[in-house]
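The values are calculated or read from the model by the stated rules, or taken from the named source; none is laboratory data. Treat the numbers as computed from the prediction; the structure is a model and nothing was measured. Neighbour counts run over all protein chains shown; Cβ positions are idealised from the backbone, glycine included.
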Amino acid sequence: MKQFVLLLAVVIIFGGCAYQKEYRDSKDIAKRNSDSLVKLKIGMSRDELFELMGNPEKTQANTFGGQSTEVLSFRIKTDYFSNDDDSNFIQVVVREGKVTGWGNSFFSQAFQ
C-alpha cells in the first residue's frame, strides 16, 4: 500500500510539472502572437502569416462562395484552467492563399 501511495504521489508531481511546462510554452506563444497582431495585413500571403504568427493551433478548411477558405486559429492568451477555450484564440481567415480578415467580428460577418 505504501508503494502505491508513493507511486501515486510521484505520478501527480511529474504530471503537474509537465502541465506547467505546457502552460508556460502556451503563454510564450500567446505573447508572441499578441505582439504580432499589429503586423497583420489584409492581402498578406499564407506563408507570410505563418512566418509572422507561427503555425496555427486549430485549422478549418472549406470552400465558401466558390473560394478555397481556411480559418486559422492562433493563440493570443492563456488560461490555466481552460487553456483550449475559444476565447484564447484569434481566427484569421485566408481565402485563395491571402489573408482577408481576422477577429471574431470579422469571422461572424464573413460567414453569414
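Looking at this structure, is Lys39 surrounded by 12 or more Cβ atoms within 10 Å (Cβ to Cβ) and at pLDDT 85 or above? Against the criterion (surrounded by 12 or more Cβ atoms within 10 Å (Cβ to Cβ) and at pLDDT 85 or above), Lys39 does not qualify.
Please verify whether segment 48-56 includes one or more residues that are aromatic (Phe, Trp, Tyr) and either assigned to a strand (DSSP E or B) or modelled with pLDDT under 85 (or both). Within segment 48-56, not a single residue is aromatic (Phe, Trp, Tyr) and either assigned to a strand (DSSP E or B) or modelled with pLDDT under 85 (or both).
In segment 70-84, of all residues being modelled with pLDDT of 80 or more and part of a loop (DSSP other than H, G, I, E, B), the one that is nearest to Glu57 (Cα to Cα) corresponds to Ile76.
Which residues, counting only those in segment 65-84, are closer than 16 Å to Trp102 by Cβ and either hydrophobic (A, V, I, L, M, F, W, C) or surrounded by fewer than 16 Cβ atoms within 10 Å (Cβ to Cβ) (or both)?
First pass over segment 65-84, keeping only residues closer than 16 Å to Trp102 by Cβ: 69-77.
The answer is Val71, Leu72, Phe74, Ile76.
Evaluate the following for Ser87: is it surrounded by 11 or more Cβ atoms within 10 Å (Cβ to Cβ), modelled with pLDDT of 75 or more and small (Gly, Ala, Ser)? Considered against the rule, which asks whether it is surrounded by 11 or more Cβ atoms within 10 Å (Cβ to Cβ), modelled with pLDDT of 75 or more and small (Gly, Ala, Ser), Ser87 comes out as no. Taking first residues from segment 29-43 that are more than 18 Å from Gly101 (Cβ to Cβ) and partners that are among the small types (Gly, Ala, Ser), the Cβ contacts under 9 Å between residues at least 6 apart in sequence or on separate chains come to Ile29/Gly54; Arg32/Gly54.
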